[in-house]
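Asks: Would you mind keeping the following structure in view while I ask a few things?
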Amino acid sequence: MVSGNGDPQSKIGSEGVEGQPPGYEGSNGQTTHFREGLCLITNKKARSTLDLARGNSAPGTRILGYEQRVDFDNANQLWVVRQDGLNGTYTLRNFLTGTYMNLLRGNPADGSQVVGWPREQNDDDRANQEWRINEKEHHHTIQCSRTNTFMEIPGGDPSNDVDARCSGASEEGDHQLWNLEPASRTSAEIKALFWSWKPGFLPHVFQPYGESAQYFVLRNETRRTLWQGANLLHQPIRSHLFDYDDFVIRMKEAATRWAMNRFQADVPGFSVLFGIIYGEAPKGPRAYNWYLSPDMCSLVFFDAQIGKEYCTAALNELGFEPTLAIF
């Protein structure tokens with residue numbers, strides 16, 4: 001829970017930030033209202049989310065529908081959607097393992113299984129892993145480039161562990177419609193949130209990667225577990241030895257170490273968002289960790305000494321004036 005009386009800053013909607021297009025043209029000329037990046041992919045009828053079974057990197061691992069993990073680590077359900085296939089098609093790569101969503105053996109038959117698979121080396125086999133994504137009824141279809149069949153949750157079954165499959169187009173097609181929910185923000189989008197809070201502060205926001213880099217936010221339960229593991233609540237301040245900045249450095253290190261151990265695959269362009277912000281308050285220098293709210297539309301600041309979160313309005317009330325922020 002974020003402390004304070006609400007965050008007054010504007011939200012970033014599907015239109016993104018100024019200068020960034022709201023969508024991309026699909027292969028049939030329709031606008032696909034999502035941007036490349038990290039996504040949760042949820043079936044319209046079943047309401048289950050595509051999940052790589054047990055986060056297994058082995059070729060042929062089942063991809064299935066599963067309830068979306070809200071409070072816990074959801075790495076199995078994170079997919080990097082990139083328009084890097086032939087003829088403007090997309091690949092969907094699991095963020096945990098680095099394996100690709102693949103129509104098993106390129107089988108065109110109805111009910112063919114969708115699995116996780118390493119990237120194929122020749123263009124013919126790669127067509128099993130390349131998908132056309134187009135808007136339909138405010139959702140999207142995901143169509144295999146090789147077979148023109150559509151990914152589905154058979155019958156829209158809402159149960160956990162139902163295999164994702166591909167079949168021909170269905171007249172009753174809700175089980176073949178998907179919501180692609182962004183799970184990452186670009187550095188430009190995050191800087192827009194800083195600008196809406198403190199317009200003159202942007203030159204003091206340090207971001208070590210390019211503007212196209214994208215960041216995902218750790219789940220609440222994961223952050224809480226990391227903070228408890230660091231044992232910072234029982235670490236007293238020792239002036240000139242362990243001050244406020246040491247608490248936030250310890251937390252950033254814990255988050256980085258967790259991500260390095262958890263995400264073994266090399267997926268360039270993506271990072272964990274767990275920054276540090278320094279500034280002045282009426283009682284002296286202060287430092288906080290910072291990241292985004294669960295909807296990724298607001299800045300959240302974390303006091304690593306006491307384990308409390310604040311929104312921008314709450315920090316303003318405390319008289320905090322930032323001097324430097326680091327991604």
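Asks: Which residues, counting only those in region 197-219, are open to solvent by less than 70 Å² (accessible area, probe 1.4 Å) and among the polar types (S, T, N, Q)?
Replies: Gln207, Gln214
Asks: Among the residues of region 102-119, are any within 17 Å of Ala265 (Cβ to Cβ), open to solvent by less than 50 Å² (accessible area, probe 1.4 Å), small (Gly, Ala, Ser) and at pLDDT 95 or above?
Replies: yes
Asks: For Ser14, work out the one condition from (1) among the hydroxyl-bearing types (Ser, Thr, Tyr); (2) modelled with pLDDT of 75 or more; (3) under 14 Å from Glu181 (Cβ atoms) it doesn't fulfil.
Replies: (2)
Yes/no matrix, rows are residues, columns are (1) farther than 23 Å from Gln113 by Cβ; (2) assigned by the TED database to the domain that holds Val267; (3) aliphatic (A, V, I, L, M); (4) in contact with a Phe, Trp or Tyr (Cβ under 6 Å, 6 or more places away or on another chain):
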| position | (1), (2), (3), (4) |
| --- | --- |
| Ile133 | no, no, yes, yes |
| Ile142 | no, no, yes, yes |
| Thr147 | no, no, no, no |
| Gly156 | no, no, no, no |
| Ser167 | no, no, no, no |
| Leu193 | yes, yes, yes, no |
| Lys198 | yes, yes, no, no |
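Asks: Here's another thing I want to ask about it. Assess whether Pro182 counts as being surrounded by fewer than 15 Cβ atoms within 10 Å (Cβ to Cβ) and out of contact with any His (no Cβ under 8 Å at 6 or more places or on another chain).
Replies: On the way: surrounded by fewer than 15 Cβ atoms within 10 Å (Cβ to Cβ): no; out of contact with any His (no Cβ under 8 Å at 6 or more places or on another chain): yes.
For Pro182, the condition - surrounded by fewer than 15 Cβ atoms within 10 Å (Cβ to Cβ) and out of contact with any His (no Cβ under 8 Å at 6 or more places or on another chain) - is not met.
Asks: Kindly indicate whether Pro268 is without any contact (Cβ under 8 Å) to a residue 40 or more places away in the chain and farther than 21 Å from Phe320 by Cα. Steps first, please.
Replies: Values: without any contact (Cβ under 8 Å) to a residue 40 or more places away in the chain: yes; farther than 21 Å from Phe320 by Cα: yes.
The answer is yes for Pro268.
Asks: Looking for whichever is open to solvent by 60 Å² or more (accessible area, probe 1.4 Å) and either under 16 Å from Met151 (Cα atoms) or part of a loop (DSSP other than H, G, I, E, B) (or both) here; the options are Arg62, Arg93, Arg54. Which one fits?
Replies: Working: Arg93 fails: open to solvent by 60 Å² or more (accessible area, probe 1.4 Å); Arg54 fails: either under 16 Å from Met151 (Cα atoms) or part of a loop (DSSP other than H, G, I, E, B) (or both).
Sole residue among the options that is open to solvent by 60 Å² or more (accessible area, probe 1.4 Å) and either under 16 Å from Met151 (Cα atoms) or part of a loop (DSSP other than H, G, I, E, B) (or both): Arg62.
The values are calculated or read from the model by the stated rules, or taken from the named source; none is laboratory data. Remember, predicted model here, so these are calculated numbers, not experimental data. Because the Cβ atoms are built from the backbone with ideal geometry, glycine has one as well, and the counts that use them run over all protein chains shown. Remember, those area values only see protein heavy atoms, side chains included, never the ligands or the DNA or RNA. Shrake-Rupley method; radii C 1.70, N 1.55, O 1.52, S 1.80 Å.
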